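These notes concern the structure reproduced below.
The values are calculated or read from the model by the stated rules, or taken from the named source; none is laboratory data. All values reported here derive from a predicted model rather than from experimental measurement. Reconstructed Cβ throughout: ideal geometry from the backbone, glycine too, with neighbour counts over all protein chains shown.
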Amino acid sequence: MDEIKYLQRPKLHQPCMIIGFEGWPNAGEVSSYSIQYLVSQLHAKHFASLSLEPFYQLSFLRPTAVIKEGRLQEIKFPTNHFYFAKRIQPQDLILFSGTEPHLQWSKFAKLFLDLAERHGVSQIVTLGGTYDYVPHTRPPVVSALFNHEDLKEKVLQSGLGLTDYSGPISIHTYLLEAAKEKGIKAISLWGHAPQYLQAKNLRVAHSMLQHLIALTEMEIDLSPLEKASDYFDQQVNHLAQEDPKLQEVIRKLEEIYQQSSSSSLSAGKDEDAKEDKVIYIKAFLKRQEEGDKGEG
């Protein structure tokens, strides 16, 4: 069985591969949305897909169905798609949009890196989202880890914090280690979404892509996302103003943020800030998305 099915085999010049996953490493939908935005803005073309069967438990990652008046219209399976975009400067791009695998990570990583080597990938960048005890009222935190010491200066020059972490890993980290063994340089970017905002976090996604542009020197228009991010901020601030308990949580987080080092990121996890207080803001985001569709 061929786990990767090609629709076409583009000729690419030392492309950078940018990867995003749904699932555990997708807090605030930062990873999946960032890739979707890139695919749309760059008019990237779908050229290959990675099979679901060996890597996923469909009882957890369930297909969806469309049923009308008792008749089954369509079954939709999750997708793992590779896209490419030809760039004049500085390099071509390969984009991946999919879901973190449940099984056989070593085989999954091998398929990724085989495709990367086949197309002469010069560098891999993964985009992830993590919930953190940070306030939405301060500049979004984006941290980075890398698999080669030569990348450290590049990361720092891009204004990224260096990740300090000990605990369970995502497929991002596994891919970085597997890429290192293949001699492929790789960086993992992580957008830190406030834990009390349970929704697509456009502000963190915008910051993530700003840092990605600084790293890769790609040319992409972020103005539509900046506009959506400003609207996101306005709505969150309005909802927070109506909840005194949440205002207190945010105040504590602001104090911790002010005291913390921008590089350690560890102070954002102070126990005093761990209030079980959540804003569910999907309704206004849905209205915003419907408005965007109407404008298009």
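Looking only at the range 67-74, decide whether some residue is touching a Ser or Thr at 6+ places or on another chain (Cβ under 6 Å) and at pLDDT below 95.
no
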Q: Give me the pairs, please: first residue somewhere in the range 73-96 and of a type in the set (Gly, Ala, Ser), second residue anywhere and in a loop (DSSP other than H, G, I, E, B), beta-carbon distance under 8 Å, and either six or more positions apart or on two chains.
A: 85/42; 85/43; 85/44; 85/92
Q: Determine whether the range 133-145 contains at least one residue that is buried (at least 16 other Cβ atoms within 10 Å of the Cβ) and either in a helix (DSSP H, G or I) or at positive phi (or both).
A: no
Q.
What pairs come out if I take residues in the range 203-232 that are farther than 16 Å from residue 193 by Cα and pair them with residues that are among the aromatic types (Phe, Trp, Tyr) and part of a helix (DSSP H, G or I) whose C-beta lies under 7 Å away, six or more apart or interchain?
A. 225/37
Q.
Condition first: free of Cβ contacts under 8 Å to residues at least 12 places away in the same chain and not aliphatic (A, V, I, L, M). Can you find one or more residues in the range 172-191 that meet it?
A. yes
Q.
Restricting to the range 155-177, count the residues that are part of a helix (DSSP H, G or I) and out of contact with any helix residue (DSSP H, G or I) (no Cβ under 7 Å at 6 or more places or on another chain).
A. 7
Q: Go through 246, 215, 239 for me and flag whichever is modelled with pLDDT of 85 or more, aliphatic (A, V, I, L, M) and assigned to a helix (DSSP H, G or I).
A: 215
Q. Residues of the range 81-109 being closer than 25 Å to residue 129 by Cα and either touching a Ser or Thr at 6+ places or on another chain (Cβ under 6 Å) or among the β-branched types (Val, Ile, Thr) (or both), which ones?
A. 81, 94, 99
Q) Out of the range 188-208, which residues are in contact with a Ser or Thr (Cβ under 6 Å, 6 or more places away or on another chain) and either among the hydroxyl-bearing types (Ser, Thr, Tyr) or part of a helix (DSSP H, G or I) (or both)? A) 188, 202, 203, 205, 206, 208
(Q) Under 9 Å between Cβ atoms, which residue pairs at least 6 apart in sequence (or on different chains) link something in the range 146-169 that is closer than 16 Å to residue 127 by Cβ and without any contact (Cβ under 8 Å) to a residue 12 or more places away in the chain with a partner that is among the polar types (S, T, N, Q) and surrounded by fewer than 13 Cβ atoms within 10 Å (Cβ to Cβ)? (A) none
Q. Between residues in the range 49-61 that are in contact (Cβ under 8 Å) with a residue 12 or more places away in the chain and residues that are exposed (fewer than 14 other Cβ atoms within 10 Å of the Cβ), which pairs lie under 6 Å by C-beta distance while being six or more apart or on different chains?
A. 49/5; 55/103
Q) What single numbered condition from (1) closer than 19 Å to residue 126 by Cα; (2) assigned to a strand (DSSP E or B) fails to hold for residue 79? A) (2)
Q) On the given criteria, is residue 20 touching a residue at least 60 places away in the same chain (Cβ under 8 Å), touching a Gly at 6+ places or on another chain (Cβ under 6 Å) and of a type outside the set (Val, Ile, Thr)? A) no
Q. What tally of residues in the range 175-195 results from selecting those that are over 14 Å from residue 144 (Cβ atoms), crowded, with 22+ Cβ neighbours inside 10 Å and at pLDDT below 95?
A. 3
